[in-house]
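> Below you'll find the structure I mean.
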There are 4 protein chains.
Amino acid sequence: MLRLLAGHPGASVVFATAEAGAGEVVEGHRLITADDAPFSRVEVVLSALPHGVSGGYVQRARAAGRRAVDLSADFRLSPEAVYGLTEVARPRVAAAELVANPGCYPTAALLALIPLARRGLIDASREVVIDAASGVTGAGRTPRRELLFGEVAEDFRAYAVGNEHRHFPELTAALARESGFSGDLVFTPHLLPVKRGILETIHVPLTRVLDRGAAEEIYQAAYDGEPCVSVTHGTLPSLRDVVYRNRVAIGVACVANVRRPRLTVIAAIDNLVKGAAGQAIQNMNVMFGLAETAGLAC
Amino acid sequence: MLRLLAGHPGASVVFATAEAGAGEVVEGHRLITADDAPFSRVEVVLSALPHGVSGGYVQRARAAGRRAVDLSADFRLSPEAVYGLTEVARPRVAAAELVANPGCYPTAALLALIPLARRGLIDASREVVIDAASGVTGAGRTPRRELLFGEVAEDFRAYAVGNEHRHFPELTAALARESGFSGDLVFTPHLLPVKRGILETIHVPLTRVLDRGAAEEIYQAAYDGEPCVSVTHGTLPSLRDVVYRNRVAIGVACVANVRRPRLTVIAAIDNLVKGAAGQAIQNMNVMFGLAETAGLAC
Amino acid sequence: MLRLLAGHPGASVVFATAEAGAGEVVEGHRLITADDAPFSRVEVVLSALPHGVSGGYVQRARAAGRRAVDLSADFRLSPEAVYGLTEVARPRVAAAELVANPGCYPTAALLALIPLARRGLIDASREVVIDAASGVTGAGRTPRRELLFGEVAEDFRAYAVGNEHRHFPELTAALARESGFSGDLVFTPHLLPVKRGILETIHVPLTRVLDRGAAEEIYQAAYDGEPCVSVTHGTLPSLRDVVYRNRVAIGVACVANVRRPRLTVIAAIDNLVKGAAGQAIQNMNVMFGLAETAGLAC
Amino acid sequence: MLRLLAGHPGASVVFATAEAGAGEVVEGHRLITADDAPFSRVEVVLSALPHGVSGGYVQRARAAGRRAVDLSADFRLSPEAVYGLTEVARPRVAAAELVANPGCYPTAALLALIPLARRGLIDASREVVIDAASGVTGAGRTPRRELLFGEVAEDFRAYAVGNEHRHFPELTAALARESGFSGDLVFTPHLLPVKRGILETIHVPLTRVLDRGAAEEIYQAAYDGEPCVSVTHGTLPSLRDVVYRNRVAIGVACVANVRRPRLTVIAAIDNLVKGAAGQAIQNMNVMFGLAETAGLAC
């Protein structure tokens, strides 16, 4: 976030916090502890504190009359905050005092599913299956054995299998709210031996046959003019199309040799950019009437 | 294959072939061209020639009265050959003149699905979704841009999406033949930035509720005493559990927060061992009455 | 280069060429063949054609009265061109009609060695030993077996050992020209399993004892105010400090337990940026009086 | 070590210890704490306890009359123990009560340098420069931020620069003891983004000109019949030649374009096998009159 803000033409960083790292200098800012944060001196607080910790500080910022974008999960299911999936909630974000920045996995899945769900194209009598794979930066930098290079390199594993991931309720709630879809989802994250990026392979049962061109047109229409959404035509995105960019890339393929209509949608994002700090800045830009992609490469 | 055979106590290599590499020495054998192969001097031919090429040479070996294990796809759908998924077809393999060694992806998927399908536990009215990820050695060593380190490292992509992979008909045919299952499958392979290993995340709609313990018991019973199948209990396998071994590892998880019963099965193999050369040697051992795991680490 | 130029505030791309890829669109430019290049319509030509091919096209551009930066090796040893190590040759670059952009390995080595050599601190009676390691993008994108992911991942190898690399004569000639140093060098490149970045471990025999602070001060003085050189203090750079940046990072350590004074200098660059396209743009900026880092992140 | 011993035809494991992991089962052995180790029930103790801890337990084993191979650094500089570089010290190892297993970096460097040093071919008036690069398993499995996948992948760094590494005094002492060489060494380790393997690029100033063939013959003669040393001819080894094997691979190249004779020697080992557990078992085999490579793939 600090690196992106360093190149932002319309924002300047007043303070940045850390706990163990307080006193260090990052991108030119000497880190202070969150308890010392001078909320009154800023226009907006972007909080990337841990889940469970962030909420209290965000409440302090709001008590001081400041707007906030919270990157933790603390407000994502709360009616107090606007759920900041920018492309879907732009007017609400613009007016928001508090934006809950979406989780990385839901960001990709929601932008892939909402256009189909809003048109009633998803067959709610069959499950939507989402297999997602993420680079390890999604797990943070706290040292844990299972994140060591010697454990992750040359490995690949599923985790939180069976709808056990924290992002599952966030995803289902947001999908229902934005599209009315109430069918079942099966969400399975995997840990990839890469530094950054998320690829989601989303298996969608359809209510009617849809060829690839028609499916691509639905996405094209839904995201016409969107600077941070890229719909591929005739190809499918991979991580290299999105890393270091504030972009979701979406591509589709029809499924042959099955009795009922199905679509496979591939969605890719950089978990650290569109999946976290980039979307937070995108939301901040919308909140303050700045160019939406100011400071962001899309 | 040559490396595994070098440590095999009951087999000795009479000749090994290559085309571009003829004349080179590999594991102590000077490679000859396949056209020069002295089939009459061996008891069994293990052919890892390319699809479309292998069949002809295997026919020559059989015309010379030799038994054969063909690692190509040329006989996998043919009634001439026994489909060599060892654990499922052991008596037929033992008696076979020609064994078609299964593809890497089907090996893992079939060993995961057959025990459930044989018991009628898979709900054929909903699709079985298989997301599979493979290391790059599965794509061979012919230089192609998309397999360069600079393209594959830090990337992850789906390919042959929509049931377009060569292994799809092999998988559906073998599953139907061995279990009678005739529901729909959705099979999506992905390319992983690792050297070797396949992990398959298999989403199974169930005809009745099955808790994890009961599911594990089904696999335990199905593979009781099998030296090359490992059923995990309470954990899920990853690539590190299987690479360099002739083993499939299978683990299960129940799916919460869905209306109808579902199981997620994770199956892992080394694509070069249990998915190719190792299973070929396992089949050869069965064909000749040797210890089934002779020359193999399981 | 096209990606960097896309964000350049003072340059616009008139044409871009490719041979096999002609007709494709890259960063918004439809590629034409080099033979169709309309040199008369541009102010400067940046040529990244292969060694041996580039020279001819650059001569055509010059015959059309255009200035040029050649990224190939074709003019690096030629008196026709200014050797474009920007920090060392800035005034000559500013006035140049033709700039030979330095090789990636020499860029890092020269910026590390010249400040010491100019002060007579390198003991020419003992060899300077340079072990350099590069990511695979330095080898280009032409498919070759030894560059496949399956060959490079988990491997590390030396190549062109014994001063056989094309960059050796470039390095020795430029070092002599810029500093008068005429001692022996031993240069050994290695292939790293990473996508980008070069790290050079440079072993310097000294004419007199120099502690770390004094050595750091020499570099600090030599590169005072330089936007693309970063001298570390008390730490040593690694690839992560420089990738995606037009920067060389230099750090030093004294050598204990030896009889005669020695310094170990670590220099790191991104081979694709400061080692190629970035330095070319930096040179172009200098040639046309633009801000030196326009379009570049340093 | 336990995995290697599981396949050893002439050894059986009586107990295995861990501290945090006590109670876990590894390769069929339930781990006990070192304090509970029944030294009296074994013929030999192989200790891979941490430096500073191992020594005390090894002394207890010896007090109980047991022979020992210590993989820690605790006895490597001590006259109590035989320094177990097997190829160099075989008769002493055979008779030893206590063997200090060499460090990983010294193992490769010593096997590369001793044959030249014993013949007086190394010019002691110029420094021998050793740049070594190791996979991360050399750093153990204790979680530390700098060993996380997100930090190590795509990075490369030098550490303990300036002869600060623990292996430097071990290396110089052993080289002097075995060959009488007393010139200066400069040893610089680097951290590679691979799981296992060490490659050392060793720059040797020569007392006289030696062409490649002559240098190869020196190594060939020095290691004639050695099962765990592989001398390459006309090529240079890389990590893929040695990983998962108890082998050092050594290759040489002459250095052109320098005034005085020099040789570059490349030595590669698997840090976990010939650099640790494998060499310990090799030493155990020698101590007990077993086939030297029993249980080992070379």
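The values are calculated or read from the model by the stated rules, or taken from the named source; none is laboratory data. Remember, predicted model here, so these are calculated numbers, not experimental data. Cβ: placed from backbone, ideal geometry, glycine included. Neighbour counts: every protein chain shown.
> Among the residues of segment A:60-86, write down those that are surrounded by fewer than 20 Cβ atoms within 10 Å (Cβ to Cβ), closer than 30 Å to A:SER179 by Cβ and touching a residue at least 12 places away in the same chain (Cβ under 8 Å). Walk me through how you get there before you give the answer.
Within segment A:60-86, the first condition is being surrounded by fewer than 20 Cβ atoms within 10 Å (Cβ to Cβ), and the residues that meet it are A:60, A:62-67, A:77-80.
Subsequent filtering for residues that are closer than 30 Å to A:SER179 by Cβ retains A:62, A:67, A:77-80.
A:ARG62, A:ARG67, A:LEU77, A:SER78, A:GLU80, listed by residue number.
> Something else: Determine which single condition A:SER182 fails, assuming it passes every other condition in (1) touching a helix residue (DSSP H, G or I) at 6+ places or on another chain (Cβ under 9 Å); (2) hydroxyl-bearing (Ser, Thr, Tyr); (3) within 7 Å of another protein chain (Cβ to nearest Cβ).
The failed condition is (3).
> Tell me, which helices (runs of 4 or more DSSP H) wholly within segment B:1-98 include 2 or more residues that are touching a strand residue (DSSP E or B) at 6+ places or on another chain (Cβ under 8 Å) and closer than 27 Å to B:LEU171 by Cβ? Reasoning before the result, please.
On the way: elements: B:2-6, B:54-63, B:86-95.
Here the list reads B:54-63, B:86-95.
> OK, next. Among the residues of segment C:214-234, is there at least one that is of a type in the set (Asp, Glu) and within 12 Å of chain D (Cβ to nearest Cβ)?
No, every residue in segment C:214-234 fails to be of a type in the set (Asp, Glu) and within 12 Å of chain D (Cβ to nearest Cβ).
> Of all residues in segment B:198-211 being outside any strand (DSSP E or B) and within 14 Å of chain A (Cβ to nearest Cβ), which is surrounded by the most Cβ atoms within 10 Å (Cβ to Cβ)? Lay out the reasoning, then the answer.
So in segment B:198-211, the residues outside any strand (DSSP E or B) come out as B:207-211.
Okay, now just the ones that are also within 14 Å of chain A (Cβ to nearest Cβ), so B:209-211.
Details: B:VAL209: 11, B:LEU210: 21, B:ASP211: 12.
Per the stated criteria, the residue is B:LEU210.
> Here is a list: C:ALA214, C:ALA253. Which entry is among the small types (Gly, Ala, Ser), modelled with pLDDT of 95 or more and either assigned to a strand (DSSP E or B) or closer than 19 Å to D:TYR159 by Cα (or both)?
Residue meeting the stated conditions: C:ALA253.
> Just one of (1) within 13 Å of D:THR86 (Cα to Cα); (2) of a type in the set (Val, Ile, Thr); (3) in contact with a strand residue (DSSP E or B) (Cβ under 7 Å, 6 or more places away or on another chain) trips up D:VAL286, so point out which.
Among (1) within 13 Å of D:THR86 (Cα to Cα); (2) of a type in the set (Val, Ile, Thr); (3) in contact with a strand residue (DSSP E or B) (Cβ under 7 Å, 6 or more places away or on another chain), the lone unmet condition for D:VAL286 is (3).
> Sticking with this one: Looking only at segment C:15-24, how many residues end up being of a type in the set (A, V, I, L, M) and loosely packed, with under 14 Cβ neighbours inside 10 Å?
Total satisfying the criteria: 1.
> Now for a separate question. May I ask you to say which residue of C:VAL243, C:VAL258 is aliphatic (A, V, I, L, M), within 14 Å of another protein chain (Cβ to nearest Cβ), in a loop (DSSP other than H, G, I, E, B) and within 16 Å of C:THR107 (Cα to Cα)?
The unique qualifying residue is C:VAL243.
> Every residue in segment B:261-271 that is closer than 25 Å to B:ARG90 by Cα and in a strand (DSSP E or B), please.
Correct list: B:VAL265, B:ILE266, B:ALA267, B:ALA268, B:ILE269.
> Going through segment A:191-205 one residue at a time, which ones are touching a Pro at 6+ places or on another chain (Cβ under 8 Å) and over 24 Å from A:LEU116 (Cα atoms)?
Within segment A:191-205, A:LEU192, A:PRO193, A:VAL194 meet the criteria.
> So how many residues does segment A:124-144 have that are within 19 Å of A:GLY103 (Cβ to Cβ) and within 9 Å of chain B (Cβ to nearest Cβ)?
4
> Only one of (1) within 14 Å of chain A (Cβ to nearest Cβ); (2) in a loop (DSSP other than H, G, I, E, B); (3) touching a Pro at 6+ places or on another chain (Cβ under 7 Å) fails for B:PRO237. Which number is that?
(3)
> Could you list all residues from segment A:39-59 that are of a type in the set (Ser, Thr, Tyr) and within 20 Å of the chain's Cα centre (by Cα)?
Answer for segment A:39-59, where residues must be of a type in the set (Ser, Thr, Tyr) and within 20 Å of the chain's Cα centre (by Cα): A:SER47, A:SER54.
> Another one. Does B:ALA22 meet the test of being small (Gly, Ala, Ser) and within 21 Å of B:ALA100 (Cα to Cα)?
Criteria not met by B:ALA22.
> Considering segment A:145-179 alone, what residues qualify as being out of contact with any Pro (no Cβ under 7 Å at 6 or more places or on another chain), over 23 Å from B:ASN271 (Cβ atoms) and within 12 Å of chain B (Cβ to nearest Cβ)?
A:GLU146, A:GLY162, A:ASN163, A:GLU164, A:PHE168, A:PRO169, A:THR172, A:ALA173
> Quick test for you: out of B:LYS195, B:LYS274, pick the one residue that is among the charged types (D, E, K, R), under 21 Å from the mean Cα position of the chain (by Cα), crowded, with 18+ Cβ neighbours inside 10 Å and not in a loop (DSSP other than H, G, I, E, B).
B:LYS274
> Kindly check whether there is at least one residue in segment D:49-59 that is free of Cβ contacts under 8 Å to residues at least 40 places away in the same chain, farther than 30 Å from D:VAL129 by Cβ, surrounded by fewer than 20 Cβ atoms within 10 Å (Cβ to Cβ) and touching a Pro at 6+ places or on another chain (Cβ under 7 Å).
No; the residues of segment D:49-59 include none that is free of Cβ contacts under 8 Å to residues at least 40 places away in the same chain, farther than 30 Å from D:VAL129 by Cβ, surrounded by fewer than 20 Cβ atoms within 10 Å (Cβ to Cβ) and touching a Pro at 6+ places or on another chain (Cβ under 7 Å).
> Say whether the condition of being more than 11 Å from chain B (Cβ to nearest Cβ), within 24 Å of A:THR137 (Cα to Cα) and at pLDDT below 95 is met by at least one residue in segment A:277-295.
yes
> Still on this structure, I have one more. From the list C:GLY197, C:GLY140, C:GLY120, which residue is touching a helix residue (DSSP H, G or I) at 6+ places or on another chain (Cβ under 7 Å), at positive phi and outside the structural domain of C:PRO79 (by TED's automatic domain parsing)?
C:GLY197
> Within segment A:137-153, can one find any residue that is free of Cβ contacts under 8 Å to residues at least 40 places away in the same chain, within 17 Å of the chain's Cα centre (by Cα) and either in a helix (DSSP H, G or I) or under 30 Å from D:LEU191 (Cβ atoms) (or both)?
Within segment A:137-153 (the criterion being free of Cβ contacts under 8 Å to residues at least 40 places away in the same chain, within 17 Å of the chain's Cα centre (by Cα) and either in a helix (DSSP H, G or I) or under 30 Å from D:LEU191 (Cβ atoms) (or both)), the answer is yes, since at least one residue qualifies.
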